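Notes for the one structure printed next.
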Amino acid sequence: MTDLVLAWLTVFPGYTVPLLLASLGLVISERAGVLNLCTEGLMAVGAMTGALMALAGYDPLLAVACGALAGAALSLVFGVATVVFRADHTLAGLATVALGLGITGVVGRPYVQKPFDGLPRLSDTVWGADLPRLVGQQNILLPLTVLLLLAVWGWLFRTHSGLRLRAVGEDPAAADVVGIDIQLTQLGAVLASGVLAGLAGAYLSVAAAHVWVEGMVAGRGWVAVAIVIFAGWRPWGVLLGAGLFGGAEAAMLRLQTLGLDFPIYLGAMLPYALTLLVFCIACARRRGENAGPAALGKAYLRQDKH
């Protein structure tokens, strides 16, 4: 049993980190009032770009960075549509998902199932040889994600600029009165969410799988949307939600390796069913209460200023 728990703890971060990164990006975007449903497409583009850069022989860290930039580039399309041209956030998000999946299907198809050297484990680096096995089996994106979690929390709730961003999401008209640039703030938030979603996608291909396959995001972008609602748009709640889903998915993998006799498709479904259950419980607890930013998903026109 101890070996099973240790094995589960070893793979647990690999399933949690991409969800945590994508969800943190959504928190930033939606705290600024931009309803962001395009994470699935952003993650797919980030995963494909990171894999293509690694296959081209570039350093895995550079490949991950390029995946993050690719997510930011696609998110800019969504941001211009919703913030500048005031398109409906839901429709623009779904269109961006379709665009991202279409791009990966066309550009990435020749590179499917071609393995490459991804990010090394910490234990394989010159300064990580003495790390405990549980830590040494991870890669450098795990401590980076922890730092990003602390940074996002500290920035949103402990800085003046974070307060300004949250003010835009709550009452853009009042924020406009005090001189906050609404469009610039929202575009910056959308770009930040694109960087983190692209980073999450690149984690899947460059850090975890070391290969690119179509559909490898496997609905994690939609799970991230549910996690943010469950978390009440709070970074620490996002950590809990990502841990629940990632832990369930990792547990299913370990149970399968034990050779237990249960349907494989049922095991693959259970983490998503758990996410849906938690999401329903969270919504039921907030019935009649708007827990999200007050201006979430609402286009702001300057003539609406008080």
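The values are calculated or read from the model by the stated rules, or taken from the named source; none is laboratory data. Keep in mind that this is a model prediction, so the values were computed, not measured. So basically every Cβ, Gly included, is an ideal-geometry build from the backbone, and we count neighbours across all protein chains shown.
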Screening S205, S193 for residues that are surrounded by 21 or more Cβ atoms within 10 Å (Cβ to Cβ), more than 19 Å from G14 (Cβ to Cβ), touching a residue at least 40 places away in the same chain (Cβ under 8 Å) and not hydrophobic (A, V, I, L, M, F, W, C) leaves only S193
Only one of these conditions is not met by R220: (1) surrounded by 24 or more Cβ atoms within 10 Å (Cβ to Cβ); (2) more than 30 Å from A54 (Cβ to Cβ); (3) of a type in the set (D, E, K, R). Which number is it?
(2)
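Test S161 against the criterion of being closer than 12 Å to I28 by Cβ and either without any contact (Cβ under 8 Å) to a residue 60 or more places away in the chain or surrounded by fewer than 20 Cβ atoms within 10 Å (Cβ to Cβ) (or both), and give yes or no.
Details: closer than 12 Å to I28 by Cβ: yes; either without any contact (Cβ under 8 Å) to a residue 60 or more places away in the chain or surrounded by fewer than 20 Cβ atoms within 10 Å (Cβ to Cβ) (or both): yes.
The answer is yes for S161.
Within the group A268, A242, A202, A189, which residue is of a type in the set (G, A, S) and at pLDDT below 90?
Working: A242 fails: at pLDDT below 90; A202 fails: at pLDDT below 90; A189 fails: at pLDDT below 90.
Testing whether each residue is of a type in the set (G, A, S) and at pLDDT below 90 leaves just A268.
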As an exercise: evaluate I180 against (1) within 26 Å of V80 (Cα to Cα); (2) part of a helix (DSSP H, G or I); (3) without any contact (Cβ under 8 Å) to a residue 40 or more places away in the chain and give the number of the one condition it does not meet.
(2)
Go through V45, V17, V34 for me and flag whichever is under 18 Å from the mean Cα position of the chain (by Cα), part of a loop (DSSP other than H, G, I, E, B), hydrophobic (A, V, I, L, M, F, W, C) and buried (at least 24 other Cβ atoms within 10 Å of the Cβ).
V34
